[in-house]
Amino acid sequence: MTEPPRVSVVVPAYKEGEHIAPVLDRIFESVRLQCEVLVVVDSANDSTVPVITSYADKEPRLRCIVNTYGRGPANAIRYGIATAAAPVAVVTMADGCDDPRQIDDLARLVDRGVAVAAASRYMPGGQQVGGPLLKGLMSKIAGRSLALLARIGTRDATNSFKAYSTEFVRNVGIDSRDGFEIGIELTAKARRMRLPVAEIPTIWLDRQAGVSNFKVAQWIPVYLRWYRFAFGSKLTAEQVRAYGRGKGQIIP
């Protein structure tokens, strides 16, 4: 009988084509825990699909799944976590910016009881190399201010490279529908429930091939929504879910 995975690695992908192959190489070289790797695309016609299909012939831990929740990275991540078979889901990008050697360490933190384990660019030992200046500055200010003022548990709440307890995610739900704001959403939800959040340092390297799909101006409002939500008194899982259904109503 095949051993069930201890970690599900969720990789949202959009028209990555051959660029995703070396990213997968590094993931499978790095992860030592029993794993499944779920590459999530919006359409069966995405240029990533034939590359994944060919790769999966030699790597049975890899699956390509077509997101049925709607287009965009937030829906792809939602669908990937919902499909995950492991008790821990690690979200990492298809662009190769994240360091896959840290997937095991992030997953083990969740094994030890944290709801969210973050790879942090802004703690000692972490670094961001390259990328748009404005995006990096906004991310750093948001992360450090949330750590200092909201005691959110990480200095990099906006980073998408995180591990989650799938039980926690299914309890609170995911309300994001736009971009990559799921990282700050779930971290803020864990904080409001007073669940533990941990971080380890990471070095983020700007992608060397392809084009980023991050749209700063379009996604700022939804990031601000979850930034504000991180501040406040302790809530139950049901109250957290109610906030998501309340279209932005702040619970004090």
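The values are calculated or read from the model by the stated rules, or taken from the named source; none is laboratory data. Only a predicted model underlies this, so the values are computations on that prediction, with no experimental measurement involved. We place every Cβ from the backbone using ideal geometry, glycine too, and count neighbours over all the protein chains shown.
If you go through the range 194-227 one residue at a time, how many are within 20 Å of residue 128 (Cβ to Cβ), in contact with a Lys or Arg (Cβ under 8 Å, 6 or more places away or on another chain), part of a loop (DSSP other than H, G, I, E, B) and at pLDDT 80 or above? Result for the range 194-227: 1.
Six or more apart or on different chains, Cβ under 8 Å: which pairs go from a residue in the range 29-53 that's in contact (Cβ under 8 Å) with a residue 12 or more places away in the chain to one that's assigned to a helix (DSSP H, G or I) and among the aromatic types (Phe, Trp, Tyr)? Could you list them? Taking only residues 6 or more apart or on different chains, the pairs are 37/28; 40/79. Scanning the range 36-68 for residues that are crowded, with 17+ Cβ neighbours inside 10 Å and closer than 15 Å to residue 16 by Cα returns 38, 39, 40, 41, 42, 46, 48, 49, 51, 52, 55, 64.
Restrict the check to the range 129-140 and report whether at least one residue is modelled with pLDDT of 95 or more and within 30 Å of residue 18 (Cα to Cα). The answer is no, given that none of the residues of the range 129-140 is modelled with pLDDT of 95 or more and within 30 Å of residue 18 (Cα to Cα). Does the range 87-103 include one or more residues that are farther than 25 Å from residue 129 by Cα and of a type in the set (Gly, Ala, Ser)? Yes - at least one qualifying residue is present in the range 87-103. The residue that is nearest to residue 121 (Cα to Cα), among those in the range 140-159 that are crowded, with 22+ Cβ neighbours inside 10 Å and among the polar types (S, T, N, Q), is 159.
Screening the range 59-82 for residues that are without any contact (Cβ under 8 Å) to a residue 60 or more places away in the chain and polar (S, T, N, Q) and picking the one that is nearest to residue 45 (Cα to Cα) gives 67.
Using the structure shown, decide if residue 103 is assigned to a helix (DSSP H, G or I) and within 23 Å of residue 181 (Cα to Cα). So residue 103 fits the description; yes. Pairing each residue of the range 156-181 that is farther than 15 Å from residue 222 by Cα and part of a loop (DSSP other than H, G, I, E, B) with any residue that is aromatic (Phe, Trp, Tyr) and modelled with pLDDT under 95, provided the two are 6+ apart or on different chains, yields C-beta distances under 9 Å for 161/204. Counting only helices (runs of 4 or more DSSP H) wholly contained in the range 8-95, the ones carrying 1 or more residues that are closer than 20 Å to residue 118 by Cβ and modelled with pLDDT of 95 or more occupy 20-30, 73-83.
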